[in-house]
Amino acid sequence: MLLPYVVGFDAVGRLIIVDLSKLPHLLVAGATNSGKTVGVQVLITSIIYRKRPSCVNLILIDVGASDLLPFEGVPHLSCPVIRDRNKASQVLEKLRNEMERRITIQSSDNESFKKLPRLVLVIDEFPALFVGVEDKRLVKLMTDAVSALLQRGRHAKMHVVLAAQNPTMQNMKVDLGNITGRIAFKCAKRNFSETILDERGAENLLGKGDMYFKSPEFSELKRIQGTYITSSELNRVIQSIKASSFRLSIGKYRINLSDNSSRDMGNDLEVDLNANSHHSKQDVDGRMFAQIMIWALGQNEISCNAVMKAFGYGWNRASHFIERLCEAGIVGELDAKLPRKVIPQTMAEVSEKAKDFLQDCGYTEDMVAETIRNRDNG
């Protein structure tokens, strides 16, 4: 599956796993303590547990709550978790532009299009994006962008997941007709069930993960007991992914929130399209080195063999990158045949030049600091 989601078990105990890419969008809703939050967390975890950052990237918007914050820092993120409406509108507009750019590329260079990672936009408490917003222009910008992604996103390998506690046709503000995948946990009122499923019934569910799932793949509503993951399990999985997946995020799609233009949108694709140019080869080499630097900062010591095993390089290339790490002050000088010690023990000990280089490659100081902390904790 391209975007696997381990939904749960049906009435006879069969495990239900669906491919989000076939839905291709999803609406998830339910009252407090219904299991909606866990359901969304399980969806994200299912994807990042099975898919590399080079294949799937996430954009998480969580203005009305904090349920998506546990995923902050996972290598699949195209930008930090969005908690500000103005940043949310900026990101939504960039995603809309990216969709149009991808559709154009598909028609002119299908091979390059195939290399692009799938993008999954998850907006938790979607109606909260508009609560208290008096600027009608801002509301229209956001609703137009989401509507466009729902209408044409599937053609650009882009998928939208909207979550809400009490959805109505009025507070959702977009046409839900383009969302064919629907999950209803226990709802507080009948009209919420009708908004989600186009029929009643979810108000009678039992709560705690009991759900109705409506999908083009099923001939009728399917009742499912949703997958459950505890907070400690979720944290353990996320920490494991952070520790092991940096090396797999070459070619990731990144959004630069400090830049209102969309120039940052196609950096990785430009490398693919211009792979024969000297400048592009330098870019790819730089991104590879950034991956290795981040990985090294998460270790206490490294060796050529460790680099070869982690990245699949030959001896000469691994040696080359280790020497560059030494020049950057990340590892010490060669001491006989012993592994080289990783020098920075705190973020303050990472050189400004190394910080700037990592920043240019999409790694914020917070991400670097967290990598070092995780190594200390490990």
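The values are calculated or read from the model by the stated rules, or taken from the named source; none is laboratory data. Everything quoted here is computed from the prediction, not taken from an experiment. Counting neighbours? That spans all protein chains shown, and the Cβs are built from the backbone with ideal geometry, glycine included. Heads up: the accessible areas ignore ligands, DNA and RNA and are worked out on the full protein's heavy atoms, side chains in. Shrake-Rupley method; radii C 1.70, N 1.55, O 1.52, S 1.80 Å.
Rounded to whole Å, the principal axis extents of the Cα atoms in segment 24-145 read 45, 37, 24, largest first.
Let me know the charge dipole size of the chain about its Cα centre in debye, to the nearest 20, where only the beta-carbon of Lys, Arg (+1) and Asp, Glu (-1) is charged.
That gives a dipole near 880 debye.
The magnitude of the dipole of segment 84-186, with charges of +1 and -1 set on the Cβ of Lys/Arg and Asp/Glu and taken from the Cα centre, is near 240 debye.
Taking the Kirkwood radius as the inverse of the mean 1/r across Cα pairs, report the Rg/Rh of the chain.
On the way: Rg = 22.1 Å, Rh = 22.1 Å.
Reported Rg/Rh, Kirkwood definition of Rh: 1.00.
For Ile17, the amide hydrogen comes within under 5 Å of the amide hydrogens of Val7, counting only partners 5 or more places away or on other chains and with H modelled in the peptide plane. Packing around the peptides 3-14, 103-114, 188-199, 87-98, taken as the average count of other Cβ atoms within 10 Å per residue, puts them in this order, highest first: 87-98, 188-199, 3-14, 103-114. Converting phi to 3J(HN,Hα) with the Karplus coefficients 6.51, -1.76 and 1.60 and the offset θ = phi - 60°, segment 182-195 yields 10, 10, 10, 7, 4, 9, 6, 9, 5, 5, 5, 4, 5, 5 Hz in sequence order, with x at every glycine or proline. Reported to two decimal places, what Rg/Rh ratio describes segment 1-62 when computed on Cα atoms with Rh from the Kirkwood expression? On the Cα set of segment 1-62, Rg over Rh gives 0.97.
Highest mean first, what order results for 312-318, 70-76 on Cβ atoms within 10 Å? Kindly include the intermediate steps, with their values, before the conclusion.
Numbers: 312-318: 13.3, 70-76: 21.1.
Descending mean neighbour count gives 70-76, 312-318.
Per-residue extension of 0.36 nm, minus the Cα-Cα distance of Asp109 and Leu257, leaves a gain of 50.5 nm for this segment.
Using only the C-alpha atoms of segment 26-83, find the volume of their convex hull and express it per residue in Å³.
Spread over its residues, the Cα hull of segment 26-83 gives 85 Å³ apiece.
With kT/(6 pi eta Rh) evaluated at 10 °C and eta = 1.306 mPa s, and Rh the Kirkwood radius from Cα pairs, segment 87-240 diffuses with a coefficient of 91 µm²/s according to Stokes-Einstein. Average accessible surface for the chain: 47 Å² per residue, computed with a 1.4 Å probe over protein heavy atoms with every protein chain in place. Top mean-square fluctuation among His320, His159, His25, Gaussian network model of the chain, C-alpha springs under 10 Å? Among His320, His159, His25, the largest GNM mean-square fluctuation belongs to His320. The modelled label-to-label distance between Glu220 and Glu233, using points 7 Å beyond Cα along the C-beta direction, is 3.0 nm. In the chain, helical runs assigned H by DSSP with n ≥ 4 each contribute -39500 (n - 2.57); averaged across all residues and rounded to the nearest 500, the mean residue ellipticity at 222 nm is -13000 deg cm²/dmol. Here the chain has 48 percent of its accessible surface on carbon and sulfur atoms, given a 1.4 Å probe and all protein chains in place. In whole Å, what is the distance between the alpha-carbon centres of segment 16-48 and segment 51-71? One Cα centre to the other: 12 Å.
What's the Cα-based Rg to Rh of segment 135-206, Rh via Kirkwood?
Rg/Rh: 1.02.
Other residues within the sphere of radius under 15 Å centred on the Cβ of Ser231, judged by their own Cβ, net out at -2 (K and R +1, D and E -1). Approximating the spin labels as points 7 Å out from Cα along Cα→Cβ, the Asp335-to-Met308 distance works out to 2.2 nm. Considering only Asn316, Ala290, Leu121, the residue lying farthest towards the positive end of the dipole of the chain is Leu121, judged by Cα position with unit charges set on Cβ.
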